[in-house]
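What follows is a short report on a single structure.
The values are calculated or read from the model by the stated rules, or taken from the named source; none is laboratory data. Being a predicted model, the structure only gives us computed values, none of them experimental. Ideal geometry is used to build each Cβ from the backbone, glycine not excepted, and the neighbour counts take in all protein chains shown.
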Amino acid sequence: MRKGKIYFIGAGPGDIGLLTVKGMRCLQKTEVVVYDFHLNAQILNYIDHDAEFIYAGKRGGHHAMTQSEINQALVDRAKKGKIICRLKGGDPFVFGRGGEEAEILAQEGIEFEIVPGVSSSIAVPAYAGIPLTHRRYSSSFAVITGNEDATKPESSIDWPKLSSSVDTLVFLMGIKNMGGITSRLLSHGKSPDTPVAVVRWGTRPNQKTIVSSLRDIAGVVKESKMRSPAVMIVGDVVRLRDTIKWYENRPLFGSRILITRKYTPDYGPLEDLGAEIFEVQTTKIVPPASYSEIDSTIDRIEDYNWLMFTSANGFRYFIKRFVDRDKDIRDLKGIKICAIGTKTAEAIRNYGIKIDLVPKEFNAEGLIMAFVKGHSVQEAGGDKNLEGLKILLPRADIAREIFPQKVRELGGKIDTPATYRAIKLEKHGKRLKQFLKEGRISIATFTSAATFNNFIDIVGEEAIDFLRGTAIASIGPVTTKAIEVAGLKVTIMPQEATIKAMVDDIIKWAAN
């Protein structure tokens, strides 16, 4: 039997970009993932293959699993030969109990590997604009648990040395014990005027920072009703925050943008400006239910004057089936290629195929005019119409009929075989509902009528009410119509129906 192996992976404190490359590689091959609460659950989207998901989170004293149950789950699955990722927030060896779990595995003779993560003790101060060390202010720092009862008679923490010998103190999980922590530091000689920062949900769009003195911070935190998770930084380096804070100054800081399709680099500019992408795929692109239509057109490909693609997906699924039918690019000789949109054109060119036409207008009327003006129409015998023109348009199983209908009205012939289809996904429906209820989505984006309709199906009747208080971005008229039929208003719609154009318009809208 194959031996199992466990990877302890530090997922970082929240910003998905802080996951290490090695950690991501491990997730992409895992068969089981055991994950905690204090991490960005979007990281789970990197696991786009079949895997077992086990939630072992601990929040507010409520444990989804006891520690012994977590240990047993790891051991049992490893003994079945599984590849397992134990996914922890921050770093697994910084107050993450990773060491305890690794001890159990060592005792059981199970192979494991540690993939360090970016600890909140380092990342959160950095995102708040607070360097832990600085030539003028600090030459040392210490990371201390804030969970210990600071009022108990015998503390395992050396408070006298911390108060006098370490320049910067970082307390994790210390909100509930804030009063006790500050009292201990003050009673052992720490100046009451020492600046203190408390940062909640550090590295995330809802990051909140409070700055006060050691004397007053406990009262200020209580008055502001700040709760866990939070990091407390004590020391003169806190004075630098006003000068070098950067994260909270970014234009889209605080924005959570819902995307209802698979993430692409086109969404990157939103993240670069401080927004967090909340990816919930509502559709998945798969092959057609039957290949009979597309196979019939491929087998007589030489009959067509034009081969037209309206999406990169349409091209990819067509060309794959084309090759599967024992054809190659040489069989397209003499057929002109039309690409709708820059992304579609890019996908085709990457395959080494020359494009003859990229229309400036994406609507049916604009496409018809582009073909009417084309030389191929004249060659086919038409005059201000499409008589004699034969077009092959491989596309999704559900698509608009406006363009094909106009082609036929003008005497042309067009075949529209189903080349791919979009199916509904419900993978993260529960988490999506929770985000909407908490008002944590700033902008919801939809790139097709299917992504919107599936979103409504997944969330249920409450979806419409949830979206009324959220800005909605639609990629184009067809998607907008589906949204408006549901009684909602579209806030953002680009002139060009591409993700890049939609992202650009979101940025412009947010700046106003």
Please go through the range 84-97 and pick out each residue that is farther than 11 Å from Tyr7 by Cβ and not in a strand (DSSP E or B). Gly89, Asp91, Phe93, Val94, Phe95, Gly96, Arg97
Out of the residues in the range 1-11 meeting the condition of being in contact with a Gly (Cβ under 7 Å, 6 or more places away or on another chain) and either surrounded by 24 or more Cβ atoms within 10 Å (Cβ to Cβ) or not charged (D, E, K, R) (or both), tell me which one is farthest from Glu103 (Cα to Cα). Met1
Selected residue [of a type in the set (Lys, Arg) and not in a helix (DSSP H, G or I)] from Lys489, Lys508, Lys500: Lys489
Between Thr243, Thr209, Thr260, which is out of contact with any Lys or Arg (no Cβ under 6 Å at 6 or more places or on another chain), assigned by TED's automatic domain parsing to the domain that holds Ser164 and buried (at least 21 other Cβ atoms within 10 Å of the Cβ)? Thr209
Being in a helix (DSSP H, G or I), at pLDDT below 95 and over 16 Å from Glu279 (Cα atoms): is that true of Thr451 here? no
Considering residues that are buried (at least 23 other Cβ atoms within 10 Å of the Cβ) and among the acidic types (Asp, Glu), the number found within the range 308-324 is 0
Test each condition in (1) free of Cβ contacts under 8 Å to residues at least 40 places away in the same chain; (2) closer than 26 Å to His134 by Cα; (3) surrounded by 20 or more Cβ atoms within 10 Å (Cβ to Cβ); (4) in contact with a Phe, Trp or Tyr (Cβ under 9 Å, 6 or more places away or on another chain) for Asn177 and report the one that comes out false. (2)
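To keep it simple, each residue is scored yes or no on (1) over 19 Å from Thr203 (Cα atoms); (2) modelled with pLDDT of 95 or more.
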| site | (1), (2) |
| --- | --- |
| Phe8 | yes, yes |
| Ile16 | no, no |
| Asn40 | no, no |
| Asp50 | yes, no |
| Met65 | yes, no |
| Ile84 | yes, yes |
| Phe95 | no, no |
| Gly99 | yes, no |
Can we say Ile122 is within 30 Å of Arg77 (Cα to Cα), among the aliphatic types (A, V, I, L, M), outside any loop (DSSP other than H, G, I, E, B) and modelled with pLDDT of 95 or more? no
Selected residue (only one of Gly14, Gly81 is part of a loop (DSSP other than H, G, I, E, B) and surrounded by fewer than 17 Cβ atoms within 10 Å (Cβ to Cβ)): Gly81
Out of everything in the range 329-352 that is of a type in the set (A, V, I, L, M) and part of a loop (DSSP other than H, G, I, E, B), what residue ends up being surrounded by the most Cβ atoms within 10 Å (Cβ to Cβ)? Ile340
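Matching residues to (1) closer than 17 Å to Ala56 by Cβ; (2) surrounded by fewer than 19 Cβ atoms within 10 Å (Cβ to Cβ):
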{"residue": "Pro92", "(1), (2)": "yes, no"}
{"residue": "Gln107", "(1), (2)": "no, yes"}
{"residue": "Phe112", "(1), (2)": "yes, no"}
{"residue": "Pro116", "(1), (2)": "no, yes"}
{"residue": "Pro125", "(1), (2)": "no, no"}
{"residue": "Gly129", "(1), (2)": "no, no"}
{"residue": "Thr133", "(1), (2)": "no, yes"}
{"residue": "Arg136", "(1), (2)": "no, yes"}
{"residue": "Thr145", "(1), (2)": "no, yes"}
Residue hits (the range 25-47; in a loop (DSSP other than H, G, I, E, B) and touching a residue at least 40 places away in the same chain (Cβ under 8 Å)) are Lys29, Thr30, Glu31, Asp36, Phe37, His38, Leu39, Asn40
Scanning the range 207-220 for residues that are of a type in the set (Val, Ile, Thr) and not in a helix (DSSP H, G or I) gives Thr209, Ile210, Val211
Answer yes or no as to whether Ala370 is assigned to a helix (DSSP H, G or I) and at pLDDT 70 or above. yes
Residue set Ala473, Ala486, Ala449; condition under 19 Å from Lys284 (Cα atoms) and not hydroxyl-bearing (Ser, Thr, Tyr); output residue Ala449
Step by step: first the residues of the range 50-106, then only those that are under 26 Å from the mean Cα position of the chain (by Cα) and aliphatic (A, V, I, L, M), then the one that is nearest to Ile175 (Cα to Cα). Which residue is that? Val94
Quick one: how many residues across the range 235-257 are farther than 16 Å from Ala126 by Cβ and among the aliphatic types (A, V, I, L, M)? 2
Are any residues in the range 336-354 touching a residue at least 60 places away in the same chain (Cβ under 8 Å) and either β-branched (Val, Ile, Thr) or not assigned by TED's automatic domain parsing to the domain that holds Phe322 (or both), and if so, which ones? Thr342
